[in-house]
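Here is the structure we will look at.
The values are calculated or read from the model by the stated rules, or taken from the named source; none is laboratory data. Predicted model only: the values in this text are computed from it and were never measured. Here Cβ is always computed from backbone atoms with ideal geometry, including for glycine, and neighbour counts include all displayed protein chains. These accessible areas exclude ligands, DNA and RNA; they are computed on the full protein's heavy atoms, side chains included. Shrake-Rupley method; radii C 1.70, N 1.55, O 1.52, S 1.80 Å.
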Amino acid sequence: EGQSDQINFRCCGCVDEHGRGELYPRANVTTGVPSNWWASLPPPEYLEDDDCGCLERTHYQFCCQSDPEKFTAVTDPAHHYFSGHGAERVWPAALVLANHLSDNYAGQPEWSKVVELGAGTGLPSFVMSRSGCPSATVTDVPWLVPLMEFNIQANFESDDCCRPSAMPLRWGSDVDAKKVMHHIGGAPDIVIAADIIYRREDFDALISTLTTLGARKVVMAVTERGGVVADFMHRLELEGWDLEANMVFMGAEQAVILEVTPTWTPIDGMPNAEEVFVAPKRRMGRSPNNSESEGRRQRPRLTRSVPCQWPRQ
């Protein structure tokens with residue numbers, strides 16, 4: 001609890017804050033904004049109790065182990081129950097990520113423990129679950145947990161052995177991250193996320209959470225906004241992470257698939273559910289055998305471009 005009080009968090013999309021100290025110095029935001037302040041009604045306990053019809057349902061189709069599967073996304077575009085942009089709609093990057101996971105990761109036993117950051121509706125995780133992943137956990141800010149639960153209820157039976165779970169996870173909070181790890185029984189195999197790179201001020205909190213979770217692979221689909229994604233890629237490389245970036249075209253829009261392989265060093269003697277990881281040594285862009293100018297690392301470049309096939313709605 002003491003550690004949680006000292007960790008300050010701000011979600012740029014949902015305006016969530018926690019902690020009692022200053023936020024990131026350059027964030028330039030006002031503290032004390034109440035949680036879920038856009039919403040006007042308390043959410044019902046179950047999706048079927050949405051008597052006023054405030055929630056919208058949109059249908060998508062993805063291939064799961066070569067078979068087409070129908071998915072339902074539950075959203076609150078008018079913010080009756082939920083604040084934040086993550087509740088409004090399924091953003092294009094989430095569809096791109098779901099397609100990418102279906103083609104490259106779904107149904108493979110080595111990716112059996114999945115954690116999604118900033119999940120919103122959680123469609124990418126649901127593709128993994130429908131493909132046989134036994135442990136998928138969708139996470140977001142605390143008040144969006146009911147929305148994630150509604151989406152789980154809309155797509156999975158209560159007795160489904162691959163039914164995902166929903167938990168709060170605020171970036172920069174080791175307490176939240178370790179609760180998720182305890183829930184899944186250790187570090188996840190893969191962390192996934194869609195359209196979560198908005199502000200340079202959030203890099204520290206996001207990288208801290210990725211470090212604490214300690215997954216063997218991180219896969220993101222992100223939309224470039226004013227060079228922020230390029231700066232995030234550069235930051236990851238400076239921190240010593242292996243990175244591959246591919247451009248995906250979404251009609252007139254573009255997204256970047258980031259596949260990141262951390263170079264973690266587990267601390268010996270820690271129990272699995274409380275596993276702690278040492279962050280990789282930062283590479284400062286200088287080689288002992290080269291001059292500073294010769295050793296300076298260049299910003300990472302996109303390696304290839306691929307078209308995106310949109311799922312049918």
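Conditions tested, residue by residue: (1) open to solvent by less than 30 Å² (accessible area, probe 1.4 Å); (2) part of a loop (DSSP other than H, G, I, E, B).
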position	(1), (2)
39	yes, yes
43	no, yes
48	no, no
52	no, yes
58	no, no
74	yes, no
78	no, yes
96	yes, no
106	yes, yes
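If you scan region 215-249, which residues turn out to be part of a strand (DSSP E or B) and under 30 Å from residue 185 (Cβ atoms)? Please lay out each step first, then the result.
Step one: of region 215-249, the residues part of a strand (DSSP E or B) are 217-222, 242-249.
Those that are part of a strand (DSSP E or B) and under 30 Å from residue 185 (Cβ atoms): 217, 218, 219, 220, 221, 222, 242, 243, 244.
Taken as a whole, region 133-142 holds no residue that is more than 29 Å from residue 42 (Cα to Cα), of a type in the set (Asp, Glu) and in contact with a Cys (Cβ under 9 Å, 6 or more places away or on another chain).
Of 145, 180, 175, 141, all but one fail to be of a type in the set (A, V, I, L, M, F, W, C) and free of Cβ contacts under 8 Å to residues at least 40 places away in the same chain; the exception is 145. Checking residue 157 against (1) part of a loop (DSSP other than H, G, I, E, B); (2) in contact (Cβ under 8 Å) with a residue 24 or more places away in the chain, which test does it fail? Here residue 157 meets the rest and fails (2). Is it the case that some residue within region 129-136 is assigned to a strand (DSSP E or B) and open to solvent by 10 Å² or more (accessible area, probe 1.4 Å)? Yes, that holds for at least one residue. Against the list (1) surrounded by fewer than 21 Cβ atoms within 10 Å (Cβ to Cβ); (2) in contact with a Lys or Arg (Cβ under 9 Å, 6 or more places away or on another chain); (3) among the acidic types (Asp, Glu), the condition residue 160 fails is (2). Going by the structure shown, is residue 207 touching a strand residue (DSSP E or B) at 6+ places or on another chain (Cβ under 9 Å) and open to solvent by less than 20 Å² (accessible area, probe 1.4 Å)? For residue 207, the condition - touching a strand residue (DSSP E or B) at 6+ places or on another chain (Cβ under 9 Å) and open to solvent by less than 20 Å² (accessible area, probe 1.4 Å) - is not met.
Return yes when residue 193 is out of contact with any Asp or Glu (no Cβ under 7 Å at 6 or more places or on another chain), open to solvent by less than 40 Å² (accessible area, probe 1.4 Å) and either β-branched (Val, Ile, Thr) or in contact (Cβ under 8 Å) with a residue 40 or more places away in the chain (or both) and no when it is not.
Working: out of contact with any Asp or Glu (no Cβ under 7 Å at 6 or more places or on another chain): no; open to solvent by less than 40 Å² (accessible area, probe 1.4 Å): yes; either β-branched (Val, Ile, Thr) or in contact (Cβ under 8 Å) with a residue 40 or more places away in the chain (or both): yes.
No; evaluated as a whole, the condition is false for this residue.
Based on what the data block shows, is residue 65 surrounded by fewer than 16 Cβ atoms within 10 Å (Cβ to Cβ) and in contact with a Pro (Cβ under 6 Å, 6 or more places away or on another chain)? Steps first, please.
Numbers: surrounded by fewer than 16 Cβ atoms within 10 Å (Cβ to Cβ): yes; in contact with a Pro (Cβ under 6 Å, 6 or more places away or on another chain): no.
Answer is no for this residue.
Given the criteria open to solvent by less than 20 Å² (accessible area, probe 1.4 Å) and touching an Asp or Glu at 6+ places or on another chain (Cβ under 7 Å), does residue 121 qualify? Taking the combined requirement at face value, the residue does not satisfy it.
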